Amino acid sequence: MSDFDVGPDEVEHIAELARVELNEEERALFAEQFADILSYFETLDEVPETDREPELTNVMRPDERRECLDQEEALQNAPESEDGQFKGPRVS
């Protein structure tokens, strides 16, 4: 068990926010687990920082305007089209 004071009242409050019903045994168990989780976060604060790698740079080519497909060419492989547009399945 950790040094953090997480009691059944805090667990009950969190359970209400999450709309979860807990019995007394579950509240006690979750209080212990929450305290352990908080102590793990404290342990992470003790990890030394390391040098960061340099920021990434854009190695992609710049956008260029190119000739594109006309409407008929774009729709020629579509399974279905209607009024010059792609037609997909009905959702609702």
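Observations on the structure shown:
- The condition (being without any contact (Cβ under 8 Å) to a residue 24 or more places away in the chain, surrounded by 10 or more Cβ atoms within 10 Å (Cβ to Cβ), touching a Cys at 6+ places or on another chain (Cβ under 9 Å) and assigned to a helix (DSSP H, G or I)) is satisfied by just one residue among Ala74, Ala28, Ala15: Ala74.
- Of all positions in region 44-55, at least one carries a residue that is surrounded by fewer than 10 Cβ atoms within 10 Å (Cβ to Cβ) and assigned to a helix (DSSP H, G or I).
Throughout, read-outs are computed from the coordinates displayed, never taken from laboratory work. These numbers come from a predicted model, not from an experiment. Because the Cβ atoms are built from the backbone with ideal geometry, glycine has one as well, and the counts that use them run over all protein chains shown.
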